[in-house]
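Undergrad: Got a structure for you, written out below as structure tokens; questions coming shortly.
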Amino acid sequence: MNEEGVVSQIIHGIALHTGRMAAVLLAGAVLFCAAPESVYASAAPTESAAPAQESSTAQDSSAAQTDASGTPAPEAPPEVSTNAIAGWPQGEDCKSLTACLIDADTGAVLYDKSIGAKMAPASITKVMTLLLALENGNLEDRVAMTETGVRYAETGSMNLYTKVGEEFTVEELIYGTFLYSANDMATQLGEYIGGGSIDNFVQMMNDRAAEIGCTGTHFANACGMPDPEHVTTAHDMALIMREGLRREDFRIIINTPTYTIPPTNMTSGERELTSHNPLLVSPSYYYPGTIGGKTGYTDGARHTLINAVSRDGMTLIVVTMHAEDAGYAAEDNIHILDYGFNNFAVQSVGNPDLTAGGGKVTLPKGASVDACTIEEQDAGSSDAGEMVNWIYSYNGQRVGNLLMTKENAAKYKKELEGAKKTESRTSKDTASSGKTEKTEKTGEKDAGTVKENSGQNGELDGETFRLAIYVLGGVVAAGILAIIITLAVRRRKLKKKIQAADEAYINEQKDSPAGLPVDAEALAVAEKAEKEEKSENAGADTADGGENSLRNEGESGNPADGGAGGAGAEAEASPVSSNEGTDTPAVDENASDVTGEFDFGAPAQSGEENSGMNGTGN
């Protein structure tokens, strides 16, 4: 097969495979367009998402198990369960037995490692103590230490070695409790807030935890000292921290790195306090954006750590419990916070003019609110009227909410419906415009045709439409390319046939007896000219011959011979001048036409070469 044949086959093969590929892409686009979209669910959805606090406690049991020291132990093998959510960023495991990461604004759980397991909290208990003190106390009030608080001032317990009767302001007790983690001051603060009864304060702690939404918490003291009944979960502690962050004074206190308690009525020296939070004060673990947090440790609880951090408009709360080393706890906090900030973003939902609360969702970066389902729940009543709460979920995981009055919820539904209709019309107009443009450019009738989505909202979103247009454009381009290639191949074949015909004609002319065709008129003129030249040459030779005969005759004669010599010369010259006695043909000066072939190379007759040369020549 010649080179052109090979090229032709290759071009046909490319065109064929291009067409097949375009057909496959078109089929894929049709299937894609038929995929259902996420939709808005009504008040009675077929598939709804439970609130985050409910899903987070799925691993809880009715009572916490305890180890030999009386400290609750995890009830299930720890695992990062959020990794099982479809489309959710994958988080690495941590060294702590349980860990939780939530968005403080939306309450969405972003990282879940056994967040519902009941654990001993140790001193992170003081987050709740601080919250209640700020909610129910006066910072300027003065409080005298009692036996209740001083009994915790013992060796092996974090304390400031206070004395019975020593006076402090509520503010000084708070900073001693939170920065230095002094158990004596925490207990005294609890007794003061509880109206002189630490038991009352403990009940206040448990009641407040229930109000916040904690489901696995039971406090037994104000400072976190070991007790089989003193338990909580990583998720519950995150909810308590979230509640505290609503208060500006709470944020100020947990963000304070150092504090000085002046001399008291019983001591002459100052007490210098420094925060123990590594993400706030440690050069090795400092984390930019840290609002504040609390450390904890007991032999049974091991190391616990809670922190709140704000970056790029998003505030995250991380809790880790039961780490074998303080460094492990700090590293776990940092790694989990990095995971949250790197993989999630907050998006707004609802109409601010109609919203009473919420209005934000936390989703994986790149995910759309349209991918969420919405469950509408009754939310009681308020001064504004009957309330409803829309719970947004992403593949079953709660990611935020939108609180409105029922009246405003009805208005917002109409806004959503109107927006969907507008989007539908825009999509159809875009599809029609795309079809017209493609038709004008390529003549393809169905270039802009796209099937409507068969999902519950029955409309094709913009992204799907664009994909379909791209695929159809590829099909049209492939068809045009195939046509161009086919025409080019046919042209090459036609050119080759013409060349072959020309070559065959030339060869046929060469092989014919007459040789190449000759112009007859030009040939006749040439023959006539040749004859005239020969005639002139013949006349000239005759004249020269006569002169030579006379000269020879004169030279050969003498007086003795008389006219004998002249007679002999005349006798010899006579045959030459009359051309008699020779076979040389006479030249016909009147000949002008040649009717047959002209023989340019005919040989002279035998024995007449010299006579011919001396005669007419040739």
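No value in this document is a laboratory result; all are computed from the given coordinates. These numbers were taken from a predicted model, which means no experiment stands behind them. Backbone-built Cβ (ideal geometry, glycine too); neighbour counts: all protein chains shown.
Undergrad: For the pair L487/T267, report the inter-label distance in nm, with labels modelled 7 Å from Cα in the Cβ direction.
TA: 9.7
Undergrad: Write down the Kirkwood hydrodynamic radius of the range 78-157, to one decimal in angstroms, obtained as one divided by the mean of 1/r over all alpha carbon pairs. Each step should come with its number before you reach the end.
TA: Working: mean 1/r = 0.0607 Å⁻¹.
Computed over Cα pairs of the range 78-157, the Kirkwood hydrodynamic radius comes out at 16.5 Å.
Undergrad: Can you give me the C-alpha center-to-center distance between the range 323-347 and the range 153-182, rounded to a whole angstrom?
TA: That distance is 31 Å.
Undergrad: Sticking with this structure for a sec: Hey, with R₀ at 56 Å, roughly what FRET efficiency would A86 and R142 work out to, going by the Cβ-Cβ distance, to 0.05? Let's see the in-between values first.
TA: Values: r = 57 Å, r/R0 = 1.03.
Rounded to the nearest 0.05, the efficiency is 0.45.
Undergrad: Along the Cα→Cβ direction, 7 angstrom out, place labels at R466 and E79. What is the inter-label distance in nm?
TA: 3.8
Undergrad: Taking a threshold of 30 Å on the Cα-Cα distance, which of the pairs K360/K414; K113/K294; K113/K360; K113/K406; K118/K413; K365/K413 fall above it? The partial results should precede the final answer.
TA: Details: K360/K414 20 Å; K113/K294 20 Å; K113/K360 24 Å; K113/K406 37 Å; K118/K413 41 Å; K365/K413 26 Å.
K113/K406; K118/K413, as the Cα separations exceed 30 Å there.
Undergrad: Output the peptides 407-419, 214-226, 472-484, 172-184 sorted from most to least packed, where packing is the average of other Cβ atoms within 10 Å over each peptide's residues.
TA: Those peptides, ordered most packed to least, come out 172-184, 214-226, 472-484, 407-419.
Undergrad: Taking a temperature of 25 °C and a viscosity of 0.890 mPa s, what whole-number D in µm²/s does Stokes-Einstein yield for the range 335-413 with Rh from Kirkwood over alpha carbon pairs?
TA: On the way: Rh = 13.3 Å.
Rounded to a whole number, D works out at 184 µm²/s.
Undergrad: Let me ask something additional. Working from the pairwise distances between different alpha carbons, so that the mean of 1/r is found and then inverted, what is the range 329-369's Kirkwood radius in Å? It would help to have the intermediate numbers written out before the result.
TA: On the way: mean 1/r = 0.0832 Å⁻¹.
In the range 329-369 this quantity evaluates to 12.0 Å.
Undergrad: So who's got an amide H within less than 5 Å of the one on F344, skipping anything under 5 residues away but keeping other chains? H placed 1.01 Å off N, in plane.
TA: It is K365, by chain and number.
Undergrad: Looking at the range 207-338, I'd like the Rg to Rh ratio, where Rg is from alpha-carbon atoms and Rh is Kirkwood's inverse mean 1/r.
TA: Values: Rg = 15.8 Å, Rh = 16.0 Å.
Ratio of gyration radius to Kirkwood radius: 0.99.
Undergrad: Please give, to one decimal in nm, the separation of the simple spin-label points placed at V369 and K420, each 7 Å out from Cα toward the Cβ.
TA: 1.5
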